[in-house]
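Participant: The structure follows.
The values are calculated or read from the model by the stated rules, or taken from the named source; none is laboratory data. Note that the structure is a prediction, hence the values are computed from the model and not measured. No Cβ is skipped: glycine too gets one built from the backbone with ideal geometry, and neighbour counts run over all protein chains shown. Surface accessibility is based on the protein's heavy atoms, side chains included, excluding ligands, DNA and RNA. Shrake-Rupley method; radii C 1.70, N 1.55, O 1.52, S 1.80 Å.
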Amino acid sequence: MSATAQTPIIPIKSSSEPPHVIAPDANTIFATRAQRFEQLAEGHALGDWLRFLAAITRAQHEALHALPVLALPDTAQLARAREHRMPPLPAQSWPRDPAWRDSLRQIIARIADVAPEPARQDLARLAGLAPERTEALAERVLHTELYGDDAALLPYVAAALQVLWTTAAARLGIGDVAALDVPGVCPCCGFLPVASVVRNSGEASNLRYLHCALCNTEWNLVRVKCSACDANEGISYRHLESDENKTAGAVRAETCESCKSYLKIVYSEKGPVDPVADDLATLALDILVDEAGYARSGPNLLLVPGG
Ligand SMILES: [Zn+2]
Ligand SMILES: [Zn+2]
């Protein structure tokens, strides 16, 4: 009897097999994003705003490390989610820990001093809201109702919710997250993607990953395919003739003739990129494709539409 006969066989994943889902790294995601915002702010027409977003993102990093240990779905709940091909941390129904409102308070406290004037008033108002009003704003974010009264408060609420969902998604890891039947929504939380990203290093090199606007999970989708309606014909790409600044990565809008929607793809050709930051540094591209008749299929939660 050889020793190997008693050794459990551990399936070894081929290194050539790319991961379908990539969980966020809670330790680095917001710090890296803040650096990217600062880099993109250099010489940018919207530099002051991008620097404010860097401050918000740094505050997210700090708030994440102050969160208590979150209750995650138990084994039975995870098994049920897998069986029904449902996301384990659904944005619209996961019982969110009220600790997210502590994150919100911390974020507000950290950015109040650097906020531009109208934002400063918004932050003061948000800080004074009763918990049930704040929770009602959270419901609007989680149902992507990002318009109407108090829309200017929603990015800060969203920033705190991103901290909660990102922490939970990172702790869950990818072992409990299975592919869904609907490729255009996040397999971890069911929320919409903010953009997709194509990196040029690591095992996922040159593959396209959609990036969740809420929990920062990434999931693979083949290239040249509309993430909103699955069409793989009538897809085309638009980009800005002149990059607004030299540090911008290549960003293209993938437009779909079938559903008349678009979402951006960020390519890390010239160095590190961040789907959230690079998206907001290229708003001119949104204006271009919007004028051409396409509607954006996933939100960037740090942006008030039309605001
Ligand atoms: Zn997600
Ligand atoms: Zn489409």
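Participant: Rounded, prolate or oblate: which fits the chain, taking a ≥ b ≥ c as square roots of the Cα gyration tensor eigenvalues, rounded meaning a/c under 1.5, else prolate when a/b beats b/c? Kindly include the intermediate steps, with their values, before the conclusion.
Facilitator: Values: a/c = 1.62, a/b = 1.18, b/c = 1.36.
Oblate, since a/c reaches 1.5 and b/c is not below a/b.
Participant: With the chain treated as a Gaussian network of Cα nodes joined by springs under 10 Å, which of Gly293, Gly190, Gly148 yields the largest mean-square fluctuation?
Facilitator: With Cα springs under 10 Å in the chain, the top fluctuation among Gly293, Gly190, Gly148 is at Gly148.
Participant: Solvent-accessible area per residue for the chain at a 1.4 Å probe radius, Å²?
Facilitator: Values: 14600 Å² over 307 residues.
That works out to 48 Å² for each residue.
Participant: Rounded, prolate or oblate: which one fits region 193-296, using the alpha carbon gyration tensor with axes a ≥ b ≥ c (rounded when a/c is under 1.5, else prolate when a/b beats b/c, else oblate)? Present the calculation step by step, with values, prior to reporting the outcome.
Facilitator: On the way: a/c = 1.64, a/b = 1.11, b/c = 1.48.
Note, shape of region 193-296 comes out oblate.
Participant: Enter the Cα centre distance for the pair region 98-114 and region 168-215, rounded to the nearest angstrom.
Facilitator: Going from one Cα centre to the other spans 27 Å.
Participant: As a check on your grasp of the helix formula, calculate [θ] at 222 nm for the chain: sum -39500 (n - 2.57) over DSSP H runs of n ≥ 4, divide by the residue count, round to the nearest 500. It would help to have the intermediate numbers written out before the result.
Facilitator: On the way: 10 runs with 116 residues, N = 307.
Only helices count here, giving -11500 deg cm²/dmol.
Participant: Distance in nm between label sites at Ser205 and Leu46, each 7 Å beyond Cα in the beta-carbon direction?
Facilitator: Result for the modelled spin labels: 3.3 nm.
Participant: Extending each Cα 7 Å along its Cβ direction at His65 and Ala231, get the distance between those two points in nm, one decimal.
Facilitator: In this crude spin-label approximation the distance works out to 4.7 nm.
Participant: How much accessible surface does Arg252 have with a 1.4 Å probe, in Å² rounded to 10?
Facilitator: Here the accessible area works out near 80 Å².
Participant: So, one more: Between Gly175, Gly43, Gly184, which gets the highest mean-square fluctuation from a Gaussian network model of the chain, Cα cutoff 10 Å?
Facilitator: Greatest mean-square fluctuation among the candidates belongs to Gly175.
Participant: Could you point to the residue in Ala281, Leu153, Pro19 farthest towards the positive end of the chain's charge dipole, with +1 and -1 charges on the Cβ of Lys/Arg and Asp/Glu respectively?
Facilitator: Checked the options; the winner is Pro19.
Participant: What FRET efficiency, computed as 1/(1 + (r/R0)^6) with R0 = 35 Å and r the Cβ-Cβ distance, is obtained for Leu240 and Glu83, rounded to the nearest 0.05?
Facilitator: Numbers: r = 45 Å, r/R0 = 1.28.
FRET efficiency, Leu240 to Glu83: 0.20.
Participant: Once you sort the root eigenvalues of the Cα gyration tensor of region 13-138 as a ≥ b ≥ c, which label holds: rounded (a/c under 1.5), prolate (a/b larger than b/c) or oblate (the other case)? Each step should come with its number before you reach the end.
Facilitator: Details: a/c = 2.62, a/b = 1.35, b/c = 1.93.
Because a/c hits 1.5 or more and a/b fails to exceed b/c, region 13-138 counts as oblate.
Participant: Here's something else I'd like to know. Carbon-plus-sulfur fraction of the accessible area of region 26-172, 1.4 Å probe, in percent?
Facilitator: Numbers: 3590 of 6970 Å².
Exposed carbon and sulfur together represent 52 percent of the surface.
Participant: So, taking all protein chains as they sit and a 1.4 Å probe, how much accessible area belongs to Asp176, in Å² rounded to tens?
Facilitator: We get 50 Å² for Asp176.
Participant: If you look for lysine pairs in the chain that are eight or more places apart or on different chains, how many of them have Cα atoms under 24 Å apart?
Facilitator: Numbers: Lys225/Lys260; Lys225/Lys264; Lys246/Lys264; Lys246/Lys270.
For the chain, qualifying lysine pairs total 4.
Participant: Additional query: Top mean-square fluctuation among Ile29, Ile111, Ile287, Gaussian network model of the chain, C-alpha springs under 10 Å?
Facilitator: Looking only at Ile29, Ile111, Ile287, the biggest GNM fluctuation is shown by Ile287.
Participant: Sticking with this structure for a sec: Can you give the accessible area of Thr32 in Å² (nearest 10), computed on protein heavy atoms with a 1.4 Å probe?
Facilitator: 70
Participant: I need to check one value: relative contact order of the chain, counting alpha carbon pairs closer than 8 Å and at least 6 residues apart, in percent.
Facilitator: Working: 523 pairs, mean separation 64.0, N = 307.
With pairs under 8 Å counted, the relative contact order is 21 percent.
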